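For reference, the structure discussed in these notes is given below.
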Amino acid sequence: MPVAHLGDALFPILVFAHFDGPMLQSHYANPRYAGGFELDEFFNVAMQLASILASIHTQQFIHRDLTAANVLYDAHTRDVRVIDFGISTPFPSHTGSAKHVVKQLQGTLHYLSPEQTGRIGRIVDYRTDIFSLGVVLYQMLTGCLPLSKGTGPDMQDNLQLVHAILTQVPPTPAQLRPASIPLVLSHIIMKCIEKDPDDRYQSAFGLSVDLRSCLQLTQSLAAPPAGSLSFPLPLFQLGVWDQAAVFAVSKKLYGCSEAVSTLQRALESMLATRKTHVVAIRGSPGSGKSALIASVFSPLLAPKSLLLVSSKLEEHHRQPFACLKQITNQLLLHFLTLSTSRLQAWKKSCLELFAGNGSLITQLFPVLEQIIGVQPPVRELAAQETQQRFNYLLTHFLCSFASQTKPLVIVFDGESDTHRTCQLRCFRIPHRIAWLRS
């Protein structure tokens, strides 16, 4: 807490008492801490951090950069401080706020929660701090970070780490130090760093209670003998006293496990066979069709494992090919952001595909001319041959957006009538969701 408030409303100044402790991060250079903290010292630091974090959240603020470099620890007095609130934000409203949906990386990469990477489109709330604290505690117990891939000047390294944050489950602390870390303490840490915020502790207070219970059990039992392969400590139910700091509606889907499995199997089959797959999802408005699709495909969008575009059929009633124009414009805008070399390679493949007939496609999608240039007039054919040529070019043009490593998912959202189904039948995609892979 500040010891004085100076300045005025325009230039407020907070004065804090001087704290001599170095960063927690600097302690790992000491051989005493290189392999992790001893349990007694760990519990002292961990419970102080949980208490401090609970106080921060009580003030309705999210730290958003809780790391070993932003924790000060004096090993002599055993006092702890949390510093650097440079990117902290107030709690989002109960309905969420656009500023709490991360669009670029902020914070220290190794300590970021999946939602704070900005790759899954979820509101960042106070539970991101629970995740970051879990990483800090994991490092204190084991001497290493959960995902130890290094970051460096190479952006590819950072992208690989972001992908790991979203998809990989690290080894548990008990697996790394089985003779030194009780299994129940390992469970506490892993609960903090769950990918889904709904599966983590919902408050720093609930975490603090479980840490205290674990400490009391540890103190009541003798340390395991030298050479022991595990740390015997009774398990207990976690989160009994855990309660959310604010009311929040869970983002989990319930009662949809069979539908999710069906979509996942279809996606896996497409990846294995490299063939176009079609899935129709039916349900009344508001029944969760869009949420079902998002639950399956959103995790793959973050590491850029696929392309996903969508169109609402109701918005294009009786407009020929309007929904195809919408999804293709989305894809073209994405391709315009690619590197020059990749864009040139795609341009070359398109020109080879069109073979002088590109104006048929550029008339339908004028944005394409920005990439491949103005195309010459096409040779006139009989009506049936003209239709076959157009269908062939359109089908293969859409498939060109997919690659061997990045399939294309197209979502058509809305009820389909005869007119709109005929509109899509030319390239064998019905009315709800389809994914293509060349």
Subject >> When residues of segment 36-50 are limited to those that are of a type outside the set (A, V, I, L, M) and surrounded by 15 or more Cβ atoms within 10 Å (Cβ to Cβ), the one farthest from Ser208 (Cα to Cα) >> reply: Gly36
Original post:
Taking the condition more than 29 Å from the chain's Cα centre (by Cα), outside any helix (DSSP H, G or I) and surrounded by 18 or more Cβ atoms within 10 Å (Cβ to Cβ), does Gly21 pass?
Top reply: yes
Subject >> Matching residues in segment 157-211 - criterion: being among the small types (Gly, Ala, Ser), surrounded by 18 or more Cβ atoms within 10 Å (Cβ to Cβ) and either in contact with a strand residue (DSSP E or B) (Cβ under 9 Å, 6 or more places away or on another chain) or outside any helix (DSSP H, G or I) (or both) >> reply: Ser180, Ser203
Original post:
Do we have Leu72 as modelled with pLDDT of 95 or more and either at negative phi or among the hydroxyl-bearing types (Ser, Thr, Tyr) (or both) here?
Top reply: yes
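To keep it simple, each residue is scored yes or no on (1) at pLDDT 85 or above; (2) assigned to a loop (DSSP other than H, G, I, E, B); (3) of a type outside the set (A, V, I, L, M, F, W, C).
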position: Leu331; (1), (2), (3): no, no, no
position: His334; (1), (2), (3): no, no, yes
position: Leu338; (1), (2), (3): no, yes, no
position: Gln344; (1), (2), (3): yes, no, yes
position: Ser349; (1), (2), (3): yes, no, yes
position: Gln388; (1), (2), (3): yes, no, yes
position: His396; (1), (2), (3): no, no, yes
position: Phe412; (1), (2), (3): no, no, no
position: Leu424; (1), (2), (3): no, no, no
**OP:** Go through segment 33-48 residue by residue and tally those that are of a type outside the set (Val, Ile, Thr), assigned to a helix (DSSP H, G or I) and closer than 14 Å to Gln139 by Cα.
**Re:** 7
Original post:
Condition test on Val378, is it assigned to a loop (DSSP other than H, G, I, E, B), among the aliphatic types (A, V, I, L, M) and loosely packed, with under 15 Cβ neighbours inside 10 Å?
Top reply: no
Original post:
Residues in segment 323-343 that are over 17 Å from Cys399 (Cα atoms) and surrounded by 12 or more Cβ atoms within 10 Å (Cβ to Cβ): how many?
Top reply: 1
Original post:
Filtering segment 262-283 down to residues that are of a type in the set (S, T, N, Q) and modelled with pLDDT under 80, which residue is surrounded by the most Cβ atoms within 10 Å (Cβ to Cβ)?
Top reply: Thr276
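The values are calculated or read from the model by the stated rules, or taken from the named source; none is laboratory data. All values reported here derive from a predicted model rather than from experimental measurement. Counting neighbours? That spans all protein chains shown, and the Cβs are built from the backbone with ideal geometry, glycine included.
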